[in-house]
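Below is one structure, written out as structure tokens, with a few remarks after it.
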Amino acid sequence: MVTDTTKADEQLLPAKHSRGDLFLCDVADAVFKDLMPSLEHPFYSLSKKPETSIRRYEHNGNWLEITPSVKGLATIYDKDVLIYCISQLIEKLKRGEPVGPRLRINSRDLLVFTNRGTTGRDYDALREAIDRLAGTRISTNIRTGDEEQTDSFGLIDAASIRRKHGLDGRLLWVEIKISDWVFNAIRSQEVLTLHPDYFRLRKPLERRIYEIARKHCGRQASWTISLEILLKKCGSQSPIKHFRYMVKHIAKYDHLPDYHVRFDEEADQVVFNNREAWWQNAALPAGAETLPPLPTEAYEEGRAAAPGYDIHGLEGEWRDYWARSGKPRIDNPSAAFVGFCRSRHRRAPIQREADRSWEEPPALL
């Protein structure tokens, strides 16, 4: 239902908790992270009703087949559990702490982290989400790290729930073992940062369209996609006429985090523009002696452009190449670095760092 307000913030759910509500430092300090494959491809159901039929998605040589359990396919809201786990593991990796596919999480912290309530009903919904995640099986050829997975696997391999006895019956903690496929993507740091307001988006389609924009628009000033391809990548079961109406609603209120959304009626395309100037870098002046430090987003985009590579090794090569080239002026250092990573991957998409000889790339500055 379309609301009468034109205020974008009123299209979002209220922020139920402050970050100060989180008691564990590793939870409070963690940045929202999600896997790049699940941002690009429709792993999750957008329906609030249980989906129990097998779904298959194919695009540009990638295929994905999802088999739900009798409780239904994992939904985009169930995905919050994995986002929480991924964020915690990435934070531990940043600190140099050991990580494994099994982790214990405090149920209340997870609910607060994902902007959910903390009533008995919310704990029940969390348990049901874990059941659907554990029951959903996936077959795909989408690579994580330098491996291509073609057998069937789950998003969660196992879960153990400790529940309090008594009237409220709330969950005290949950121990989750994520699948090897998910853990491999985390170890390869094939992740992107999400805006905290992602959890304030009211509708499943709004979340999915933001995910696609985050993956494909990224740090670019703008990105355009046809409505037909956007429908396919969303995994929506809606007819294109109804899908067009929903996209127009999102464009009208323009409330997605990070990106403005515009619908081009004539071309039947959706245009995303970066909402802030965070994607821009000041031009490097001619005669500069050193390149500036790269922002986190540049490393994330670099990993996406060259999956399986040592991103810091590529950064060293890029800086050396710039110095040997006479330290030319660079209008956008981050974009130049990502271009360098993309060219390296194009030349040697499978080879590991230790196995390949150095090749001078074409002009990437």
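The values are calculated or read from the model by the stated rules, or taken from the named source; none is laboratory data. Only a predicted model underlies this, so the values are computations on that prediction, with no experimental measurement involved. FYI the Cβ positions are ideal-geometry reconstructions off the backbone, even for glycines, and counts take in every protein chain you see. These area figures cover heavy atoms from the full protein model, side chains too; ligands, DNA and RNA do not enter into them. Shrake-Rupley method; radii C 1.70, N 1.55, O 1.52, S 1.80 Å.
Evaluate the stretch 214-233: report whether one residue or more is under 23 Å from VAL112 (Cβ atoms), open to solvent by 30 Å² or more (accessible area, probe 1.4 Å) and of a type outside the set (S, T, N, Q). I'd like the intermediate steps shown before the answer.
Of all residues in the stretch 214-233, those under 23 Å from VAL112 (Cβ atoms) come to 214.
Filter again for open to solvent by 30 Å² or more (accessible area, probe 1.4 Å), leaving none.
Scanning the stretch 214-233 turns up no residue that is under 23 Å from VAL112 (Cβ atoms), open to solvent by 30 Å² or more (accessible area, probe 1.4 Å) and of a type outside the set (S, T, N, Q).
When you scan the stretch 174-187, how many residues do you find that are within 18 Å of TYR299 (Cβ to Cβ) and in contact with a Pro (Cβ under 7 Å, 6 or more places away or on another chain)? I'd like the intermediate steps shown before the answer.
Keep residues of the stretch 174-187 that are within 18 Å of TYR299 (Cβ to Cβ), which gives 185-187.
Next cut, in contact with a Pro (Cβ under 7 Å, 6 or more places away or on another chain) only: 185.
Total meeting the criteria: 1.
Kindly provide the set of residues from the stretch 36-56 that are closer than 23 Å to HIS216 by Cβ and open to solvent by 20 Å² or more (accessible area, probe 1.4 Å), ordered by number. If you could, list the steps in order and put the result at the bottom.
Within the stretch 36-56, the first condition is being closer than 23 Å to HIS216 by Cβ, and the residues that meet it are 36-46, 55-56.
Hits for the stretch 36-56 are GLU40, LEU46, ARG55, ARG56.
Of everything in the stretch 333-342, what is open to solvent by 40 Å² or more (accessible area, probe 1.4 Å) and over 13 Å from ARG303 (Cβ atoms)? Give them in sequence order. Give the steps one after another, and end with the answer.
The first filter runs over the stretch 333-342 and keeps only residues open to solvent by 40 Å² or more (accessible area, probe 1.4 Å), leaving 335, 342.
ALA335, the sole residue that qualifies.
Among ARG127, ARG116, which is the only one that is under 20 Å from the mean Cα position of the chain (by Cα) and farther than 28 Å from LYS232 by Cα? Give the derivation first.
On the way: ARG127 fails: under 20 Å from the mean Cα position of the chain (by Cα).
Answer to the check: ARG116.
GLY96 fails exactly one of the following numbered conditions: (1) surrounded by fewer than 16 Cβ atoms within 10 Å (Cβ to Cβ); (2) assigned to a helix (DSSP H, G or I); (3) of a type in the set (Gly, Ala, Ser). What is the number of that condition?
(2)
Residue by residue through the stretch 1-46, note down the ones that are in a loop (DSSP other than H, G, I, E, B), farther than 21 Å from SER139 by Cβ and modelled with pLDDT of 50 or more. Can you show your working first?
So in the stretch 1-46, the residues in a loop (DSSP other than H, G, I, E, B) come out as 1-7, 13-18, 22-24, 29-32, 41-44, 46.
Those still in the list that are farther than 21 Å from SER139 by Cβ too: 1-7, 13-18, 22-24, 29-32.
Within the stretch 1-46, LYS7, LEU13, PRO14, ALA15, LYS16, HIS17, SER18, ALA30, VAL31, PHE32 meet the criteria.
Evaluate the stretch 353-360: report whether one residue or more is in a loop (DSSP other than H, G, I, E, B), at pLDDT 80 or above and among the hydroxyl-bearing types (Ser, Thr, Tyr). Can you show your working first?
Taking the stretch 353-360 as the starting set, the residues that turn out to be in a loop (DSSP other than H, G, I, E, B) are 356-360.
Those still in the list that are at pLDDT 80 or above too: none.
No; the residues of the stretch 353-360 include none that is in a loop (DSSP other than H, G, I, E, B), at pLDDT 80 or above and among the hydroxyl-bearing types (Ser, Thr, Tyr).
Applying the selection to the stretch 134-165, what residues are modelled with pLDDT of 85 or more, open to solvent by less than 20 Å² (accessible area, probe 1.4 Å) and farther than 25 Å from ASN106 by Cα?
Across the stretch 134-165, the qualifying residue is only ILE138.
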